[in-house]
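Please read the structure below before turning to the comments.
The values are calculated or read from the model by the stated rules, or taken from the named source; none is laboratory data. Just so it is clear, the model here is predicted, and its values are computed rather than measured. Please note: Cβ atoms are built from the backbone with ideal geometry, for glycine as well, and neighbour counts cover all protein chains shown. What goes into the accessible areas is simple: the full protein's heavy atoms, side chains included, and nothing from ligands, DNA or RNA. Shrake-Rupley method; radii C 1.70, N 1.55, O 1.52, S 1.80 Å.
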Amino acid sequence: MPDNTALAEVVLHPVRLRIIQQLGGRNRTTAQLREALPDIPQATLYRHVAALLDAKVVAVVDERRSRGAIERTLALGDRMAAIDHAELSAMSSAQLSAAFLTFLGDVTGDFDRFLDADSPEARELVGFARTPLYVNREDLATIQAGLADLLTPYLTEREDGQQRVNLATILLPDP
């Protein structure tokens, strides 16, 4: 497994972030990834999937023969695609800035694709806000645990017609 900095570099690449986002809470075949990410050339997509497989961020959960080729079904692997506090602390200021800008770029790309779709139904689900909180480390741990408990039932795809939305969080201490 790569060290913390190397893992961050693997996960925070813009194309890899988009692949990870497609896999979050669901399994996808490589063909489904190609369909969901049509602006990424097939060879580039496969190269980035391979990097995520090597880092154990993505895992092959099924294989089947399709038209003479092996089609793999992928899911997030044992090492979830999140950078934890230890990994963030190990990054230099330049690496942390690049990681944050990559994250923001990915969210901005999602927002642009949402706008391009021009879906009135999806507009009912969009929102963004900023809320100041006054916390210490213990408070933050409590909030994060509570959010994890609250969100767990909604992290996997179900068959009863939900719309997939992305929840992005940023914790940014005041200077």
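Points worth noting:
- Of all residue pairs spaced 6 or more apart or on separate chains, those with beta-carbon atoms under 9 Å, a first member in the range 108-131 that is of a type in the set (A, V, I, L, M) and a second member that is surrounded by 10 or more Cβ atoms within 10 Å (Cβ to Cβ) and assigned to a loop (DSSP other than H, G, I, E, B) are A122/V165; L125/V165; V126/V165.
- Within the range 35-71, restricting attention to residues that are among the hydroxyl-bearing types (S, T, Y) and at pLDDT 90 or above, the residue that is most open to solvent (accessible area, probe 1.4 Å) is Y46.
- Residue in the range 64-74 that is closer than 25 Å to V49 by Cβ and not in a strand (DSSP E or B) present: yes
- Options L74, L115, L147: the member that is on the phi < 0 side of the Ramachandran plot, of a type outside the set (D, E) and open to solvent by less than 60 Å² (accessible area, probe 1.4 Å): L74
- Single residue of the range 135-169 satisfying the filter (touching a residue at least 40 places away in the same chain (Cβ under 8 Å) and among the β-branched types (V, I, T)) that is nearest to A117 (Cα to Cα): V165
- Those residues of the range 10-27 which are within 20 Å of R113 (Cβ to Cβ) and either part of a helix (DSSP H, G or I) or over 14 Å from the mean Cα position of the chain (by Cα) (or both), in sequence order: P14, V15, R16, L17, R18, I19, I20, Q21, Q22, L23
- Given (1) exposed (fewer than 11 other Cβ atoms within 10 Å of the Cβ); (2) modelled with pLDDT under 85; (3) closer than 20 Å to I20 by Cβ, index of the condition E87 fails: (1)
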